[in-house]
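Worksheet for the structure shown next.
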Amino acid sequence: MGDSGPGESAPRAVLACGEVRTCLLPTRQALDIRAAAQFLGLRADERVLLSERPNLYARSPDILTGVDCPLPTANGARVRAVGTVAARAALTEGRVLQTSAHFRLPADGPDQRQPWGHYLVRPGVVEPLGKLSHETVAQGVLGGGRHGELDVGLIADALLTRLLRHPLLDQRPPLRSRPTRLRWVALPAGPYDGPSIERFTLAEDELRTVRLRVPEGTPSAEIAGFCDDLALHDWLLTTVVRVLDGLTLGSQEPPARGRAGAVQDRPAVVRVVRPAVDHLLHLWMPRARVVKDLAPLWEVLEERPGFTRQWQALVQRIRDQLTLHAIGSLYREVELTP
Amino acid sequence: MTEAVFRETTAEPRTQAVPLSHLSLELGHLYMEDFEAGPQRLREHFAQVRPWAEAARAAAAAARPGGRRPRISTCFLIDDYFTRFSSPAELVPLLLAEADRAGLTIDYLARESGCAVTGKVPLAQAVAGRIVESPPPGSYGNRPPAAQTGWLANGERSPVARAPQAMKTAAAWQPPKETAARRHSVFLDVELWSDDPDGHRTFSCPFLAAVWQLARLGLLRNEGEPVFVPQPHTASGFPEDWDELPALVRLNPRADPFAAYRTCSVMPNRFLPVEHAVRVILDQTEVDRGALRQVAERSAREDMTVPDSVADRISYVFYAGP
C-alpha cells in the first residue's frame with residue numbers, strides 16, 4: 001500500500017479499499033483490441049494499456065474523483081477525510097467490462113484540509129483529518145456506509161454508466177446476465193506474513209465482499225488488480241450458473257413432430273447454452289494479470305470454495321448437454337426416417 | 001526483484017523524461033495592444049523587467065546548495081492565438097533588439113497558439129480532460145454539484161435564483177463560497193473556453209496560460225511523449241507567417257533546458273487577475289503521473305526542494321506598469 005505521492009512526506013497507507021463493477025459488454029460482437037482502445041480512451045493524452053497475452057485485455061487510464069466527506073465507520077465515529085479516489089475501466093477479451101474505484105488511507109493526515117493541489121499529486125489517496133482507526137473504517141466500508149459517507153461504489157457506477165452510453169455499443173448483448181459488485185478492503189499483514197484472504201462473502205443483490213491482508217508497501221493498484229481478477233471470475237461463475245439455471249432438463253424436450261417442428265422447438269438447449277459457449281467459456285483464466293506477490297491469494301480460493309473446480313464442473317455440464325442434444329437429434333433423425 | 005521474462009510494451013505505462021533547468025524565467029507576454037503601442041512600450045517593459053529578472057536569478061542561485069551555478073532559461077510568449085498581428089520576420093528581430101538593449105537574453109520564444117494545439121496534438125483539450133474539480137465539503141463520490149461546462153471555480157457557486165412564483169417570496173440570496181477560504185471568501189469563477197455557433201472552440205487566456213505554465217514545468221506529455229519540445233533556430237531570418245514558426249524556438253543555442261522545476265514570470269500588474277485564474281486552474285489539474293515522478297526523482301538527486309503542489313511551483317513578479 002505504498003507508492004504514495006511524489007514527496008517523501010506522504011505517510012504510509014494502512015488501509016486500501018475499493019469496489020468493482022463487472023458486467024457483460026452490451027454488444028453483439030466482442031470489441032477487437034483497436035475498438036477496445038477507442039472505447040476506453042478516457043483521456044486524450046494518455047494511452048489505453050493493451051495486452052494480448054495470455055488473453056486480450058485493455059485498461060483505461062486512471063481518472064480521479066475528489067471527495068471530502070466522513071468515512072464509513074463500524075462504530076459510527078465521524079472521521080472526515082479529503083482526497084481523490086482513482087477509477088479505471090478494463091475490458092477482457094472485448095467482452096467483459098469492469099470498472100473499479102479504489103483509494104488508500106494513511107494512518108493520519110493534516111488537521112485541516114489542504115489546498116487541492118496537495119491532494120492531486122497524491123492520486124488515489126484519501127487523507128483523514130486527524131487520526132484514523134483503520135479497523136473501524138475497514139468494517140464500515142465492507143458493511144456499506146450511510147448516506148453522505150464516502151461511497152466508492154458510486155464512483156465505479158458513474159464510470160460504468162458513462163461507458164455504457166458509448167456509441168460503439170449496439171446495446172444488443174448476446175445473453176442475459178446481471179452485473180455484480182465486489183467491495184474490498186486490504187489491511188496490512190504482519191511484518192513477515194504473506195498476503196491472505198480473511199473473508200470472502202457472497203451477499204444478496206449480487207454483492208461480494210472481500211477482506212484481505214497484504215504485505216506493507218503493496219501498491220493499491222496491484223491489490224485492485226487482484227480484486228478485478230477475482231470479480232471477473234466470480235462474475236463468470238455467477239453468470240454461467242444462471243445460464244444453466246434457465247435450462248429445465250430432460251422432459252421439456254418437445255416431442256418430435258416432424259422435421260420442421262423439430263427445428264423450431266428443438267434448440268431449447270442450444271439456444272440457452274450456445275451464447276455461453278460462444279462468449280464466456282474461453283474467458284476463464286485466473287491470475288492472468290495478478291502480480292506475483294498476490295498470486296498465492298488465488299490458491300486459497302481454489303481450495304475453498306474451489307473456483308476452478310466449480311467452473312470445470314459447469315463447463316462439463318454444458319458440454320454434456322450439447323452432446324446429449326446431438327445424440328438426441330441423431331436418434332430422432334433415425335426415428336423419422338422410414 | 002527478478003526481471004520479468006515476458007514483457008509487453010503496450011501493456012506498460014511509459015513516460016519519456018525531458019531535460020530540466022532549475023528556473024524558467026519568463027521575461028514577458030506580448031499582445032497586440034503592446035505591439036501597437038510601438039517599440040517604446042517594449043523598451044519600457046524590458047527596462048522594468050531587468051532588475052526583477054536579476055533578483056530572480058540571484059534567488060535561484062541562493063537556493064542552490066554549495067553555491068553551484070543554477071540552470072536558468074528565459075522565455076518570452078507572443079500571442080498569435082487571439083489576434084494575429086505583424087509577422088515573425090518583422091517582430092522577432094525588434095523584440096530581440098529591445099531585450100538586448102536592456103541587457104536581457106531571450107533563450108526561448110513561444111507562440112501562444114502552440115499552447116492550444118502543438119503540431120497535431122490538441123494540447124489544451126487534453127489538459128481540459130485532466131481537470132479534477134476540488135470537491136466542496138460533503139462530496140462523497142456522488143456527481144460533482146452543478147459542474148458548469150467550460151467554467152472552473154475555486155469554490156461553490158451561489159445557488160441559481162429561480163423566478164419567484166406568485167404569492168411566494170423569492171429565496172434569499174446565498175453567497176458563493178471559496179473552498180479554501182480563511183474565514184472570508186475570495187470566490188473566482190474562471191471561463192476556460194467558449195464555443196461559437198459553428199462549434200469552434202476558443203480557449204481563454206488564463207487556460208492557455210495554465211497550459212504554458214505546465215509546459216515550462218516539464219509536466220506535459222502526449223501518450224508519454226514530451227510535447228512543446230523546443231526546435232533549434234537554424235534559418236538566418238524569421239518567416240513571414242506565424243504558422244511557419246515552430247511553437248517553441250530555441251534562440252540561444254547555449255541555453256539551459258526550457259523546462260524547469262520552478263517558474264517565475266515578470267509581468268505588468270494588469271495580468272494579476274489572469275494569473276490568479278491560472279493558479280485556480282493549476283490547483284485543479286492532475287498532471288501526468290510519470291512526469292511528476294521524474295521531476296520528483298531528479299530534484300531529489302540534485303538536493304533541490306520542489307513543492308509537491310504544482311500551483312506552488314510557479315511564482316510571479318508584478319511590476320507597476322501598463
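The values are calculated or read from the model by the stated rules, or taken from the named source; none is laboratory data. All values reported here derive from a predicted model rather than from experimental measurement. Note: ideal-geometry Cβ built from the backbone for every residue, glycine included; neighbour counts use all protein chains shown.
Annotations for the structure displayed:
- Any chance residue B:10 is over 20 Å from the mean Cα position of the chain (by Cα) and either within 14 Å of chain A (Cβ to nearest Cβ) or at pLDDT 95 or above (or both): yes
- Single condition residue B:293 does not satisfy, out of (1) within 11 Å of chain A (Cβ to nearest Cβ); (2) at pLDDT below 95: (2)
- Qualifying residue in region B:136-147 (condition: out of contact with any helix residue (DSSP H, G or I) (no Cβ under 9 Å at 6 or more places or on another chain), outside any loop (DSSP other than H, G, I, E, B), more than 13 Å from chain A (Cβ to nearest Cβ) and among the small types (Gly, Ala, Ser)): no
- Being touching a residue at least 60 places away in the same chain (Cβ under 8 Å), closer than 20 Å to residue A:67 by Cα and assigned to a helix (DSSP H, G or I) holds for only one residue in A:154, A:159, A:150, A:163, and it is A:159.
- Matching residues, region B:68-92, being in a loop (DSSP other than H, G, I, E, B) and either touching a strand residue (DSSP E or B) at 6+ places or on another chain (Cβ under 6 Å) or under 30 Å from residue B:298 (Cα atoms) (or both): B:68, B:69, B:70, B:71, B:80
- Lone unmet requirement of (1) surrounded by fewer than 23 Cβ atoms within 10 Å (Cβ to Cβ); (2) within 8 Å of chain B (Cβ to nearest Cβ); (3) under 15 Å from the mean Cα position of the chain (by Cα) for residue A:94: (2)
- Scan of region A:23-43 for residues that are in a loop (DSSP other than H, G, I, E, B), touching a Lys or Arg at 6+ places or on another chain (Cβ under 9 Å) and not basic (Lys, Arg), ordered by number: A:25, A:26, A:27, A:30, A:31, A:40, A:41, A:42
- The condition of being within 30 Å of residue B:153 (Cα to Cα) and over 18 Å from the mean Cα position of the chain (by Cα) does not hold for residue A:172.
- Pair list, Cβ < 7 Å and 6+ apart or interchain, from region A:285-311 residues that are touching a residue at least 40 places away in the same chain (Cβ under 8 Å) to residues that are of a type in the set (Gly, Ala, Ser) and part of a helix (DSSP H, G or I): A:289/A:225; A:290/A:225; A:291/A:225
- Qualifying residue in region B:224-238 (condition: surrounded by fewer than 18 Cβ atoms within 10 Å (Cβ to Cβ), within 11 Å of chain A (Cβ to nearest Cβ) and outside any strand (DSSP E or B)): yes
- Of all residues making up region B:176-194, the number that are more than 14 Å from chain A (Cβ to nearest Cβ) and polar (S, T, N, Q): 2
- If the condition is being within 10 Å of another protein chain (Cβ to nearest Cβ) and either buried (at least 21 other Cβ atoms within 10 Å of the Cβ) or assigned to a strand (DSSP E or B) (or both), then region B:94-123 contributes B:121, B:123.
- Residues in region A:133-147 that are part of a loop (DSSP other than H, G, I, E, B) and of a type outside the set (Lys, Arg): A:133, A:144, A:145, A:147.
- Within region A:36-57, the set of residues being more than 7 Å from chain B (Cβ to nearest Cβ) and within 27 Å of residue A:121 (Cβ to Cβ) comprises A:40, A:41, A:42, A:48.
- Yes/no for residue A:70 being touching a residue at least 24 places away in the same chain (Cβ under 8 Å), in contact with a Leu (Cβ under 9 Å, 6 or more places away or on another chain), of a type outside the set (Lys, Arg) and within 12 Å of chain B (Cβ to nearest Cβ): yes
- Flag for residue A:113 being charged (D, E, K, R) and without any contact (Cβ under 8 Å) to a residue 60 or more places away in the chain: yes
- Just one of the listed residues (A:95, A:47) is of a type outside the set (S, T, N, Q) and touching an Asp or Glu at 6+ places or on another chain (Cβ under 9 Å), namely A:47.
- The set of residues in region A:271-299 being in a helix (DSSP H, G or I) and loosely packed, with under 15 Cβ neighbours inside 10 Å consists of A:271, A:278, A:282, A:292, A:296, A:299.
- Inspection of region B:264-275 identifies no residue that is within 11 Å of chain A (Cβ to nearest Cβ), touching a strand residue (DSSP E or B) at 6+ places or on another chain (Cβ under 9 Å), part of a helix (DSSP H, G or I) and in contact (Cβ under 8 Å) with a residue 24 or more places away in the chain.
- Residue B:220 being within 27 Å of residue B:188 (Cβ to Cβ) and within 12 Å of chain A (Cβ to nearest Cβ): yes
- In region A:94-111, the residues that are at pLDDT 95 or above and assigned to a loop (DSSP other than H, G, I, E, B): A:94, A:95
- Note on region A:52-91: among residues that are in contact with a Lys or Arg (Cβ under 7 Å, 6 or more places away or on another chain) and among the hydroxyl-bearing types (Ser, Thr, Tyr), the one that is surrounded by the fewest Cβ atoms within 10 Å (Cβ to Cβ) is A:57.
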